[in-house]
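Report on the structure given below.
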């Protein structure tokens, strides 16, 4: 297999995932309330083995999972991805005790995870985190100086907040050290001093804020090493950025599928819409950009799994191009469908609300362009 093709088994698996999403997961998604964690949907993802598969997948399998689910049910895709984003740091950097406590619950769909990185003043600039982790020597018998911290500050735009069962939280343990002074903590939702509230957002999945009022954490809660948490965050984002692109590709393919069916069956001006050159050329552009985005996503994922150099640059390219493409494809699909696509409950109305956020979260498009340019200049200097 090359990085640009799928073997028959992978293609068959993708079709099975799409059918599962449409037939079994979508009905559960439709029963959920906008802006709230859909626990029955997450439990179904666990019972189907998809959460288990997600945690054990490489980047390419994760992309296939997300693309296929998004094509059939965006809510199922998002629920799965958020579980992965919140629990991947525990999988990769957690202690045996942390993994034993939480990962079986995540795999089974019984525990909801969240990735708490963004702050009101530190979204795209993740190294500017201000959530303060002040040393605390009074955290119980045997604590001693340097054994614990108190977290004080806020997190914002956190998916699954405030309804998650545990949070991967990134806080500043060394002031003035930039990205080198950030530590990752596993913080259960029932810790004293931790509160949150939901935000009413355009996208239907839950997003909220978290407030930390002296929340106690100890060395047993650290993910990885103190002051090395930024590496934990980047390790997670380098895996998930191509798969955000896969989510976008899945939405683009769903919009393209709907457009092909609509323009082939809808008549206007004496014939089907597909016979109008103005329509067919737009469909051709949608199809070409979607396929190009798929190939870029697969190439970035394959490079990640192979341990090749330049993964941050490829991941940034994949996320940038796929999310921008999905925005174009969904918008064009709405235009070709006309007013019916704007009716509440129509697939394209749903996709139109879903497709905007991926251009912002896990690194806005502008951040991806910065990464691509920086890495490109670094490659030039290295080869000069």
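The values are calculated or read from the model by the stated rules, or taken from the named source; none is laboratory data. Keep in mind that this is a model prediction, so the values were computed, not measured. Please note: Cβ atoms are built from the backbone with ideal geometry, for glycine as well, and neighbour counts cover all protein chains shown.
Here is a yes/no grid of residues against (1) crowded, with 20+ Cβ neighbours inside 10 Å; (2) out of contact with any helix residue (DSSP H, G or I) (no Cβ under 9 Å at 6 or more places or on another chain); (3) at positive phi:
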| residue | (1), (2), (3) |
| --- | --- |
| 193 | no, yes, yes |
| 202 | no, no, no |
| 208 | yes, yes, no |
| 225 | no, no, no |
| 239 | yes, no, no |
| 247 | yes, no, no |
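I need every pair where a residue in region 304-318 that is part of a loop (DSSP other than H, G, I, E, B) has its Cβ under 6 Å from the Cβ of a residue that is at pLDDT below 90, sequence separation at least 6 or different chains.
none
Could you list, in sequence order, the residues of region 57-76 that are assigned to a helix (DSSP H, G or I) and farther than 23 Å from residue 5 by Cβ?
Those that are assigned to a helix (DSSP H, G or I) and farther than 23 Å from residue 5 by Cβ: 74, 75, 76.
Go through (1) touching a strand residue (DSSP E or B) at 6+ places or on another chain (Cβ under 9 Å); (2) farther than 30 Å from residue 14 by Cα; (3) assigned to a helix (DSSP H, G or I) one by one and return the number of the condition residue 213 breaks.
(3)
Quick one: would you say residue 361 is closer than 13 Å to residue 248 by Cβ, in contact with a strand residue (DSSP E or B) (Cβ under 8 Å, 6 or more places away or on another chain) and in the same structural domain as residue 241 (by TED's automatic domain parsing)? Break it down into steps so the answer makes sense when it comes.
On the way: closer than 13 Å to residue 248 by Cβ: yes; in contact with a strand residue (DSSP E or B) (Cβ under 8 Å, 6 or more places away or on another chain): yes; in the same structural domain as residue 241 (by TED's automatic domain parsing): yes.
Criteria met by residue 361.
Residues in region 261-275 that are more than 21 Å from residue 287 (Cα to Cα) and part of a helix (DSSP H, G or I): how many?
0
Any idea how many residues of region 88-116 are in contact (Cβ under 8 Å) with a residue 40 or more places away in the chain and either farther than 16 Å from residue 163 by Cα or assigned to a helix (DSSP H, G or I) (or both)?
15
Does residue 341 count as closer than 27 Å to residue 76 by Cα, without any contact (Cβ under 8 Å) to a residue 12 or more places away in the chain and either outside the structural domain of residue 252 (by TED's automatic domain parsing) or buried (at least 18 other Cβ atoms within 10 Å of the Cβ) (or both)?
Spelling it out, residue 341 is indeed closer than 27 Å to residue 76 by Cα, without any contact (Cβ under 8 Å) to a residue 12 or more places away in the chain and either outside the structural domain of residue 252 (by TED's automatic domain parsing) or buried (at least 18 other Cβ atoms within 10 Å of the Cβ) (or both).
Between residues in region 12-36 that are within 22 Å of residue 159 (Cα to Cα) and residues that are surrounded by fewer than 18 Cβ atoms within 10 Å (Cβ to Cβ), which pairs lie under 6 Å by C-beta distance while being six or more apart or on different chains?
28/40; 35/198
Go through region 191-207 and report how many residues are over 21 Å from residue 133 (Cα atoms) and touching a strand residue (DSSP E or B) at 6+ places or on another chain (Cβ under 8 Å).
7
Can you find a residue in region 275-297 that is in contact with a helix residue (DSSP H, G or I) (Cβ under 9 Å, 6 or more places away or on another chain) and closer than 25 Å to residue 168 by Cβ?
Within region 275-297, one or more residues are in contact with a helix residue (DSSP H, G or I) (Cβ under 9 Å, 6 or more places away or on another chain) and closer than 25 Å to residue 168 by Cβ.
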